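A short worksheet on the structure shown next.
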Amino acid sequence: RDFQQADIKYLSKWKKWKKASSKSLKKVLSEAKGLPSYLVLWRHDIHSIEGTFGTGIQSYFSFLRFLVLLNFIIFILMFSFVTLPTIISDYRIFNSTIVNISPKIIEYNCTIYEPDGNKGLVYFYTYLQDLLSGTGFLELTRLFYGYYTVDAVWISVMRYNLPLAYLLTTFAYLALSLLWIIKRSVEGFKQSLVHDADPFQTYCNKVFAGWDFCITDPNAAQLKHRSLQYELRMDLEEERLKQKIAHRTIKEKLRIYFLRIFINIIVIAILSGCFYSIYRVTVFSQEKSNVSIRNDIRTDSVGAVQYLPSIVITLANFIGPQIFSFLIKFEDYLPAFEITLTLMRCVFLRLANIGVLLFSLWSQISDCAADNCEPCGYNYKLYPCWESDVGQEMYKLMIFDFIIILAVTLFVDFPRKLLVTHCSCKPLQWFGLPEFRISDNVLEIIYGQTICWIGTFFSPLLPAIATVKYFIIFYIKKISLIHTQKPADKPIRASSSKFFFLAVLLIGLLLAFIPVGVSIAGIPSSKACGPFRNFNTSWEIVPDTVHGFPKGLQQVLFGMASEAFAVPLFMV
């Protein structure tokens, strides 16, 4: 140090200034590298939750943050490439104009689309009904597919092909979601492999290498201490249960296996009942709504009927997981497998409910009895713009899902907390505070995200609603966890839960590919609305665009699009 001070003493002013500037620059760069960590959404909140309730619950909130960011990016994509060009053209920015191509060899009846907009004096109740169902004034907005009846937009001297942009942006958000989930799944899978490799090794890692020596804040140190303590307690609980399972007698094993078979029969019966109810209610709702449209009737009873599918699905999604969570307690599994099995049952219930709803809708749209489809290829009399109808169903499911989450917190969890705290009645004390069940909460947001992936093609601004919804849900769940609920008696570890959450989310994404793919390539596009009204299906815009390329490039692209190449590539 003395030598360094002696060297500095004999340096020129220029060199002293240069050395001081270099030090300052290094310090600024070092602080700048750490700046992004402070910009991470909900960083402090999630660290606080981790220290208080453990890494299992923290992984749920981190998962919720990931979905907020994913939906925001999907919204940016759809808004930038689909909605913004129509806004620019509507307001004549950059000398932009709209190009509408007249329909080619299309029956006039197929082009008639008269949405049931609100005319004359309208009650506030009607606006509220439209806000919940996506009908009325909302049906004619940029929220739904039917609004985008534009073939091209001229922005200054550039021609913007909106139908092609609409389709490519749909592929882009699905591909982005797939790659991002796979990337995060690989990271979670590595952690899961390391943990499952040797339990003693993970114990040593927690005890001897679990502490973060960069922590200087006392509060942060306390949070880290609680987090490690919680994980060690979880490890001990799991080992205790493994020992209990190892010492079971043959009689106990037979009793448990018989009980598990019986409970699985009950689960299958519940699932079958839910699917049949949704199918019957959807068909009934569509028939009643279509009769009212045909007779030009709009009454309160008809308005209530159109909500039936969403109400039944929401009730099934709320009641089903409660029953499954109750039944799993009698099957006597390890905590990690208990959560996995409950989650898989609930996933099958919720995602299959969406599939049954879409199947019911498509059976009505493609109902060609009595020559209903002859001129247009679909039931144009009842569904002149069927894409907007599907978008409205997805919109209703998302709105009702949010209402249920909010209502359960306000009208079930908070009153239960007050009663348990201030009433000494034995039955209430026996029920106690509700547990923060990670499987149920994860499933709620995976279900909502699957709806968003399916519905974005039919409702381009649905990701914006999903972003706001999950942003609010984060604070609802945080307040509920801190003030009205308690952590589960059987905690789970974050290393396995992170990977499993993403694996289930991936199942939801793969399920979303099916209805979106069928809608794009399998069902004739509406001739009365939307950007693809001049094409038999939405997919036809791709070969139509490719035909404008040079012949050599055409052959390469058609070869890549052939089944012999595309199907193996997709499977890989």
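The values are calculated or read from the model by the stated rules, or taken from the named source; none is laboratory data. Everything numeric here is computed off the predicted structure, so don't read it as measured data. A quick note on method: Cβ atoms are made from the backbone with ideal geometry, for glycine too, and the neighbour counts reach across all protein chains shown. Ligands, DNA and RNA are stripped out before the accessible areas are found, and what is left, the full protein with its side chains, is counted by its heavy atoms. Shrake-Rupley method; radii C 1.70, N 1.55, O 1.52, S 1.80 Å.
Data for the structure
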{"item": "Residues (at pLDDT 75 or above and of a type in the set (A, V, I, L, M, F, W, C)) located in segment 479-506", "result": "ILE479, LEU481, ILE482, PHE499, PHE500, PHE501, LEU502, ALA503, VAL504, LEU505, LEU506"}
{"item": "Segment 530-550, residues that are in a helix (DSSP H, G or I) and under 29 Å from the mean Cα position of the chain (by Cα)", "result": "SER538, TRP539, GLU540, ILE541, VAL542"}
{"item": "Any pair with Cβ under 7 angstrom, 6 or more apart, that starts in segment 232-247 at a residue that is within 17 Å of GLU331 (Cβ to Cβ) and of a type outside the set (Ser, Thr, Tyr) and ends at one that is open to solvent by less than 80 Å² (accessible area, probe 1.4 Å) and modelled with pLDDT of 80 or more", "result": "none"}
{"item": "Tabulated pairs, segment 301-314, first more than 25 Å from LEU349 (Cα to Cα), second polar (S, T, N, Q) and at pLDDT below 70, C-beta under 6 angstrom, 6+ apart or interchain", "result": "VAL302/SER292"}
{"item": "Enumeration of residues in segment 428-468 that are open to solvent by 10 Å² or more (accessible area, probe 1.4 Å), assigned to a helix (DSSP H, G or I) and either at pLDDT 80 or above or among the aliphatic types (A, V, I, L, M) (or both)", "result": "LEU428, ILE438, ASN441, GLU444, ALA464, ILE465, THR467, VAL468"}
{"item": "Number of positions in segment 238-258 that are assigned to a helix (DSSP H, G or I) and open to solvent by less than 50 Å² (accessible area, probe 1.4 Å)", "result": "3"}
{"item": "Test for GLY188: is it over 30 Å from MET398 (Cα atoms) and at pLDDT below 75", "result": "no"}
{"item": "Hits in segment 14-41 (condition: modelled with pLDDT of 70 or more and open to solvent by 100 Å² or more (accessible area, probe 1.4 Å))", "result": "TRP14, LYS15, TRP17, LYS18, LYS19, LYS23, LEU25, LYS26, LYS27"}
{"item": "Any hit, segment 327-344, residues being open to solvent by 20 Å² or more (accessible area, probe 1.4 Å), within 18 Å of the chain's Cα centre (by Cα) and modelled with pLDDT of 80 or more", "result": "yes"}
{"item": "Selected residue [assigned to a loop (DSSP other than H, G, I, E, B) and at pLDDT 80 or above] from THR170, THR149", "result": "THR149"}
{"item": "Complete set of residues in segment 192-237 that are in a helix (DSSP H, G or I), aromatic (Phe, Trp, Tyr) and either modelled with pLDDT of 70 or more or touching a Gly at 6+ places or on another chain (Cβ under 7 Å) (or both)", "result": "TYR203, PHE208, TYR230"}
{"item": "Near pairs, Cβ below 9 angstrom, 6+ apart or cross-chain, from segment 106-128 (not assigned by the TED database to the domain that holds TYR380 and open to solvent by 100 Å² or more (accessible area, probe 1.4 Å)) to any residue that is of a type outside the set (A, V, I, L, M) and modelled with pLDDT of 65 or more", "result": "none"}
